[in-house]
1. Give 165, 183 a once-over and let me know the one that is modelled with pLDDT of 95 or more, within 28 Å of residue 32 (Cα to Cα) and within 16 Å of ligand 1 (Cβ to nearest atom).
2. Please go through (1) surrounded by 23 or more Cβ atoms within 10 Å (Cβ to Cβ); (2) farther than 25 Å from residue 187 by Cβ; (3) in contact (Cβ under 8 Å) with a residue 40 or more places away in the chain for residue 267 and return the number of the only condition it doesn't satisfy.
3. Only one of 58, 67 is over 22 Å from residue 370 (Cα atoms), more than 16 Å from ligand 2 (Cβ to nearest atom) and surrounded by fewer than 18 Cβ atoms within 10 Å (Cβ to Cβ); which?
4. Within region 315-358, work out how many residues are under 23 Å from residue 37 (Cβ atoms), more than 9 Å from ligand 1 (Cβ to nearest atom) and out of contact with any strand residue (DSSP E or B) (no Cβ under 9 Å at 6 or more places or on another chain).
5. Select from region 196-212 the residues that are away from ligand 1 (no atom under 12 Å from the Cβ) and at pLDDT 95 or above and list them in ascending order.
6. Right, residue 301: within 13 Å of ligand 1 (Cβ to nearest atom), without any contact (Cβ under 8 Å) to a residue 40 or more places away in the chain and within 30 Å of residue 230 (Cα to Cα) or not?
7. Check 349, 321, 300 and return the single one that is assigned to a helix (DSSP H, G or I) and surrounded by 24 or more Cβ atoms within 10 Å (Cβ to Cβ).
8. From the set of residues in region 4-20 that are away from ligand 1 (no atom under 16 Å from the Cβ) and either surrounded by 24 or more Cβ atoms within 10 Å (Cβ to Cβ) or touching a residue at least 24 places away in the same chain (Cβ under 8 Å) (or both), which is nearest to residue 61 (Cα to Cα)?
Ligand code: KG4
Ligand code: ZN
């Protein structure tokens, strides 16, 4: 795709339990790319999944179907790109039925609302196509394909993790991503509910996984330990809140794989060790919950930071960055800052899943990686960075 001096991208993210749509404007400048966030909308499903203690894929799929069209209208209005279509010019959405036939609820909403609006002034549609929950990913992909066909726009498929890597550069409303020669090689610690990876990025299109978790992701371990302690889902923020009042030396938890020479992680042994400790304590009180939270968090953060340090010493990157939901953890941010004073930490508004980060990643992919409206794009729940 040719990228004009000013490129506007509509980005869609539905890989897990957040339905998100953003509209970004990117301008290539001498010192890098200047991004303006024209709209950034998220509809969180946390309350819906909380009673189940985790994300239920089919519920997520149902909610994405419900949320996408209203979110699109809100995003277009927020960006100033919303224009009602005069009745006589209403385009037909009939041809889009095959694309949306597996999402009947979404199709109904699409057919009701989309003919009423004019094609907005955007240059491309971007969508997360993996990794994530496939039923959830498919809804976003099919919606994006339908929009791309309706408005005759290229479609840019984005790896969700490329979005988390970009999030470290983002600031609310407007920000710069510096020229490649000032950033790369970039070492990113990605820590979320589904991933724990150390990634070395050579340029916006090429990544190498230096190490990854062999079992649970860091966020998953926070969520599971929180559940053992009787704390609500999602557990990460709960653990860090209780840890503030606890003693991080009260319990000695293991630092799995810290002494192994590679850059991989493992959190399941740490989680099990918390479970065994709790079995030894028949009666729990607030102090025990706080102390276990603090001691567990200390062990998890210790491993994350030390492995990042090891990767740094081995690969000498120009920049170190953090991304993913667990990047909201204050202890992790503090320790990384202490170890790497110039580390790029994402704003807390962009640590969790959002579509703006997908839009930023899409911009850098847009010159080489896009599909025409007619082509098929498939969800890939196990998509890897490459
Ligand atoms: O990136 P994200 O929003 O979704 C995935 O792609 O997985 O990450 C969600 C994860 C959850 O496991 C949540 O418990 C964790 O991020 N999390 C935290 C904190 N805030 C969110 N973990 C530790 N400390 C936090 N403050
Ligand atoms: Zn994520």
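1. Working: 183 fails: within 16 Å of ligand 1 (Cβ to nearest atom).
On inspection, the qualifying residue turns out to be 165.
2. It is condition (2) that residue 267 fails.
3. Details: 67 fails: surrounded by fewer than 18 Cβ atoms within 10 Å (Cβ to Cβ).
Only one candidate qualifies: 58.
4. Residues meeting the conditions: 1.
5. Taking region 196-212 and keeping what is away from ligand 1 (no atom under 12 Å from the Cβ), we get 198-212.
Listed by number, the residues that qualify are 198, 199, 200, 201, 202, 207, 208, 209, 210, 211, 212.
6. On the way: within 13 Å of ligand 1 (Cβ to nearest atom): yes; without any contact (Cβ under 8 Å) to a residue 40 or more places away in the chain: yes; within 30 Å of residue 230 (Cα to Cα): yes.
Answer is yes for this residue.
7. Numbers: 349 fails: surrounded by 24 or more Cβ atoms within 10 Å (Cβ to Cβ); 321 fails: assigned to a helix (DSSP H, G or I).
After ruling out the rest, the residue left standing is 300.
8. First, the residues of region 4-20 that are away from ligand 1 (no atom under 16 Å from the Cβ): 4-10.
Still in the list and also either surrounded by 24 or more Cβ atoms within 10 Å (Cβ to Cβ) or touching a residue at least 24 places away in the same chain (Cβ under 8 Å) (or both): 4, 7-10.
Numbers: 4: 35, 7: 30, 8: 27, 9: 24, 10: 20 Å.
Ranking the qualifying residues of region 4-20, first place goes to 10.
The values are calculated or read from the model by the stated rules, or taken from the named source; none is laboratory data. Just so it is clear, the model here is predicted, and its values are computed rather than measured. No Cβ is skipped: glycine too gets one built from the backbone with ideal geometry, and neighbour counts run over all protein chains shown.
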